[in-house]
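Here is the structure we will look at.
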Amino acid sequence: MIANLLRTETAERHKTLESLMFVHEIMNNSLSIDQYKKLLTVNYIIHQKLENTLANMLDADTAAALEMNRRLKLSALEKDLNYWGIDNLTLPGLDFELYLPKKNTAEVLGALYVLEGATLGGNVIKKHILANPNFKDQEGGLNYYGVYGDELSTRWKKFVSVLNERVEEADYKHCINSANQTFNNLINLSRQLS
């Protein structure tokens, strides 16, 4: 199944991204507000550049199976930017070439695997951020990390099911490459904003 392969074949880039996205600080409840603002900025820029494009690249059946219109996270990120006083009109442009998959189901689902996977950890991240004294009474600025609420597990399982059903074995390589390149988008932007 492609979902299991994606997990193993993207593990190195996933680990690199975690090191750049303050996972240690999140887990030990020491994340600063400035670090959190960087997390939001990285996620906003990537979602702003990719989310609608990827959704529009899906064929109608796949988009319907995923309930893609219920997976869009840009509005949650915009609420968080507003809450923390980050003006999205003043965010930097990219100093690297953004990877966009070809309009092919395997490649689009590979890219979406990265964006959906980030959401999967969101509830854990939100729990740790709320336990951090720097974020006392700041739940209003944590919309992105709790975007699916109680539906998180159900939505992830549905995504994995569609991923495994729609990506043919002949396209596994393309799906994995797309996921790794999408991780590279996040890694490159995280480094740019350091």
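Odds and ends about this structure:
- Reported count of residues in segment 11-32, each being surrounded by fewer than 18 Cβ atoms within 10 Å (Cβ to Cβ) and part of a loop (DSSP other than H, G, I, E, B), is 4.
- Restricting THR8, THR62 to those that are surrounded by 13 or more Cβ atoms within 10 Å (Cβ to Cβ), polar (S, T, N, Q) and in a helix (DSSP H, G or I) reduces the list to THR62.
- Checklist (1) open to solvent by 30 Å² or more (accessible area, probe 1.4 Å); (2) of a type outside the set (Phe, Trp, Tyr); (3) farther than 22 Å from ASN52 by Cβ applied to VAL147, failing item: (3)
- Residue count, segment 120-141 (criterion: without any contact (Cβ under 8 Å) to a residue 60 or more places away in the chain and either open to solvent by 50 Å² or more (accessible area, probe 1.4 Å) or polar (S, T, N, Q) (or both)): 9
- Of everything in segment 156-194 that is among the basic types (Lys, Arg) and closer than 16 Å to GLY110 by Cα, the residue that is surrounded by the fewest Cβ atoms within 10 Å (Cβ to Cβ) is LYS157.
- Count of residues meeting criterion [within 20 Å of LYS37 (Cα to Cα) and assigned to a loop (DSSP other than H, G, I, E, B)] in segment 73-97: 10
- The residue pairs whose first member lies in segment 41-57 and is farther than 22 Å from GLY85 by Cβ, whose second member is in a helix (DSSP H, G or I) and open to solvent by 20 Å² or more (accessible area, probe 1.4 Å), and whose beta carbons are closer than 6 Å, counting only pairs six or more residues apart or on different chains, are GLU51/LEU74.
- Qualifying positions in segment 65-95 - closer than 26 Å to LEU193 by Cβ, exposed (fewer than 13 other Cβ atoms within 10 Å of the Cβ) and not polar (S, T, N, Q): GLY85, ASP87, LEU89, PRO92, GLY93, ASP95
- Scoring PRO133 on the criteria (1) farther than 25 Å from ILE2 by Cα; (2) modelled with pLDDT of 95 or more; (3) in contact with a helix residue (DSSP H, G or I) (Cβ under 9 Å, 6 or more places away or on another chain) leaves a single failure, condition (3).
- First in segment 84-107 and within 30 Å of VAL160 (Cα to Cα) and among the aliphatic types (A, V, I, L, M), second anywhere and part of a loop (DSSP other than H, G, I, E, B) and open to solvent by less than 40 Å² (accessible area, probe 1.4 Å), Cβ under 8 Å, 6 or more apart: ALA106/VAL167
The values are calculated or read from the model by the stated rules, or taken from the named source; none is laboratory data. No experiment lies behind these values; they were computed from the predicted model shown. Cβ coordinates were reconstructed from backbone atoms using ideal geometry, including for glycine residues, and neighbour counts include every protein chain displayed. Areas reflect the complete protein model, heavy atoms only, side chains present, ligands, DNA and RNA absent. Shrake-Rupley method; radii C 1.70, N 1.55, O 1.52, S 1.80 Å.
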